[in-house]
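Structure record follows, encoded as structure tokens.
We did not get these values from a lab; they are worked out from the coordinates using the rules stated. The structure presented is a predicted model; accordingly, all values stated were derived computationally and were not measured. Methodologically, a virtual Cβ is constructed for each residue, glycine included, from the backbone with ideal geometry; neighbour enumeration extends over all protein chains shown.
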Amino acid sequence: MARRHSGRVGSRLAASAHERSGTRRGVLAAVVAAAALVLSACGGSGSGSGSSASGDITLGISVPLSGAVGSSCAPMNKAMLAWFDHVNAQGGINGHKIKVDNRDDGYDAARAVTNTKAFIAEKVAAVTGQCGSLQPPAQLPLLNAAKIPFMYVFGASTTLLKPLSPMYFNLMPTYGSQLVAEIPWVFQQHGPGTVALMSTVTPDSPTTAKQVEAAVKQAGGTFVGDYTAPPGTADFSPQVLKMKQKHPDYVVLDQIPQDAARLTQAMTDNGFAPNKFLVGSSAVSQQTFLAGVSAALQPKLLVASDTIAPASAEGTDCVTVLNAAKIKVEGVTLRGCGTAQVVESVLKAAKQPVSSQSVVAAMESMAQVKASEIYPPVSFSATNHVGVSDLYVFGVKNGAFYQAGSIGG
Amino acid sequence: MGLALSVIVSGIAFGLLIGMLAFILVFLYKTTGVANFAVGNIGMFETFIVYELWKDGMGLWPAAGIGLVCSAVFGVLVYQVVLRPFGGGQANTLVRTVALFLLLAAMADVFFGRDQPYHFPSVLPGGGTKVGGVLLRWSDLITVGIVLVIVTGFVAMFRYTRTGLQFLAVAQRPETARLLGVRAQRLSTIAYMLAGCLALLIGLLLAPKQLLFSQMMNPILLFAFAAAVVGGFTSLAGTFVGGIIIGVATDLVSTYWGSDLTLASALAIMLLTLAVRPNGLFGTAQVRRL
């Protein structure tokens, strides 16, 4: 009987053997694939490993190189990259080069998220160099989940700092904090007085208005009004005419630079100036803002900044590097170079091999470190993720900012 | 009371600029049958050309003069290359104006935009005089004079010149006008040449107040559209009345109720006008025989 069925049995046996061998191959392939996945996952501690096989330290930068703020942010980015190139030319960080994945997000949150996902997939050590306030709130949850530090955004937002986010580190205090620190200093130097606040309507502006009002009262001044306008307002004459009626000693600016410049133009057109000073934050510490302010109003400007004035930066390594790279030396490029210097300092202090964890640990143990020629000493801790607390105060002479004083330090 | 009067005077000045942009919108609509959304950015781009000439050392008035010639040529190019109706109807042409609007903004960013916004010097004198406690700026008074000259000139052209009558004929009955020998494309070319020059004029008046940057005209364009609707899309003089209404109303709303309501108030006035007088305050109903 077995012989009679031998052909069919044989073919079934052969088929079965073939199937078993195919099944074994499939299982083997699955095991190999699983092993590959496990091994690649073990490459980092479940988050940014930071160092590639060659030992390069990988950083991700998503920044507006085009779009509404591209003209302000692109120079900052160029300056950062120039400093990193300089560091690599000097041998890198403890012998390891800095490799930057530099991407344009066009001031668009969705594009910034796409870029951030790519950085996470690449397991960068940190994401830095962002410029703007629209994108960071979209990027941060991803970076928090991936445990990759988000370093030194230009464009501080209160919502990212309160509550404290484990992966978010900023150099610049919020614009509200800057104004709150600046007002008592201005009163000390020039006497208390009446204060009007002009704000661009943003999510932070109501909070800032309350902070400024409290600071004015605490410093012995009188708060006479908060005037607001949406971004891109075409005609500031109504706000200026209302302020003019109050004859304020000080007008505090909490505006985006273009609106602030248009406001000052409307002030000139309507024959109005504060009795003493126009007081601003680092938002208006750029030359592009100053160029839009009339010559009559420029001497009345006092602007806080977390970076030194371009006039004070002569002789620094940043200026040397920027000149060599044929990048114009101005506030925004000095900020880019200075930020890159702080990043370099952190990477040098981080335990080797550099990883996201070692970068965070290095930052949180920084206390009054002079990490950059451009910034004041920087301090971070587990409960404080804003590095700069001292500020410079700029006045204006001959159409350019100069350092009129400093706050703190 | 002093504040209200000052705001009204400021609103009139702002409204005249809105009215001028609305004037070009209505002029092109009357003569070519298409409302051109790109006129604001045409003016912006032309103003950048003047700025570049001035920045390179040319005096402001010579730069403006050369800019005017370039604007006339630019207007012709815009019509001939981008907007001349090759077919596709009015909707197609309207979409092309939107594309041109976006393209000009992008080109301005690429060629001129690195350090924008720029401070642009005023072609008009500063200062002013106080009347009853209200500041009347010389620049605003001169703007009123410019507007009167423009309106008078164009109204006279439409009423008393052959070219003007041909403009009206093409706008109202393009096919009939062509059959009667009116060269519609030549007239449209002339219209865009004039529009190019007027757009530059607006840019030169606006840039000192708004700063020169690629989105300079955007806030004004919405108000200009509202002004054109309020004045009537068939009335050239009505655009300035519409502009003044929008300018004064939005400034008063901004002063007494908050600047957040500025755009909403302009659109509300537009909707109210459409509800009460669908052809605008000075527009006439377009009657078509079936």
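Observations on the structure shown:
- Crossing angle, helix A:70-89 versus chain A [Cα axis fit, 0-90 degrees, rounded to tens]: 60 degrees
- Most mobile of B:Gly65, B:Gly15, B:Gly181 in a GNM of chain B (Cα contacts under 10 Å): B:Gly181
- Per-selection Kirkwood Rh - the stretch A:98-217 (Cα, Å, 1 d.p.): 16.0 Å
- Here is what passes the span test in chain B: the DSSP H helices with alpha carbon length of 27 Å or more along the helix axis and a Kyte-Doolittle mean of -0.5 or above are B:2-32, B:89-112, B:138-160, B:184-210, B:236-256.
- Across B:Gly243, B:Gly11, B:Gly231, mean-square fluctuation computed from a Gaussian network of chain B (C-alpha pairs under 10 Å connected) peaks at B:Gly11.
- Under 13 Å from A:Lys300, Cα to Cα: aspartates and glutamates that are on another chain or at least 8 residues apart: A:Asp249
- Of all the options A:Asp269, A:Asp108, A:Asp204, the one that moves most in a Gaussian network model of chain A with Cα springs shorter than 10 angstrom is A:Asp269.
- Relative contact order of the stretch A:175-305, defined on C-alpha pairs under 8 angstrom at six or more residues apart (%): 27 percent
- Prolate/oblate/rounded label for the stretch A:175-305 (Cα gyration tensor, a/c 1.5): rounded
- Degrees separating the helix A:6-41 axis from the principal Cα axis of chain A, which is the longest one: 30 degrees
- If only the Cβ of Lys and Arg carry +1 and only the Cβ of Asp and Glu carry -1, the dipole of the stretch B:2-276 around its Cα centre is close to 820 debye.
- Alpha carbon centroid spacing (whole Å) that separates the stretch B:151-224 from the stretch A:132-182: 50 Å
- Whether the stretch B:66-189 is rounded, prolate or oblate, judged on the alpha carbon gyration tensor where a/c under 1.5 counts as rounded: oblate
- Every Cα-Cα pair in the protein assembly as shown was counted, and those over 40 Å apart are 43% of them.
- Neighbours of B:Gly283 by Cβ distance under 13 Å: Lys/Arg scored +1, Asp/Glu scored -1, total +2.
- Rounded, prolate or oblate (a/c below 1.5 giving rounded, otherwise prolate when a/b exceeds b/c) for the stretch B:148-290 by Cα gyration tensor: oblate
- If you model the stretch B:2-276 as an ellipsoid using its alpha carbon gyration tensor, with each semi-axis the square root of five times an eigenvalue, the axes come out at 29, 23, 18 Å, biggest first.
- Above-threshold pairs, the threshold being 21 Å between Cα atoms, out of A:Lys97/A:Lys326; A:Lys123/A:Lys162; A:Lys246/A:Lys276: A:Lys97/A:Lys326; A:Lys123/A:Lys162
- Neighbour net charge for A:Gly67 - beta-carbon separation under 12 angstrom, K R +1, D E -1: -3
- Contact order for the stretch A:324-383, expressed relative to its length and based on alpha carbon pairs under 8 Å spaced 6+ residues apart, stands at 27 percent.
- Pairwise FRET efficiency - A:Ala295 versus A:Thr207, Cβ, R0 = 30 Å, nearest 0.05: 0.30
- Cross-link partners of A:Lys351 among aspartates and glutamates (Cα-Cα below 18 Å; sequence separation of 8 or more within a chain): A:Asp56, A:Glu364
- Structural descriptor for chain B: relative contact order 35 percent, calculated from alpha carbon pairs under 8 angstrom and at least 6 residues apart.
- Chain B, helix-only ellipticity at 222 nm - DSSP H runs n ≥ 4, -39,500 (n - 2.57), divided by all residues, nearest 500: -24500 deg cm²/dmol
- Net charge dipole size for the protein assembly as shown [Lys, Arg +1 and Asp, Glu -1 on Cβ; Debye, nearest 20]: 2640 debye
- Taking other residues whose beta carbon is less than 13 angstrom from the beta carbon of B:Arg186, and scoring Lys, Arg as +1 and Asp, Glu as -1, yields +4.
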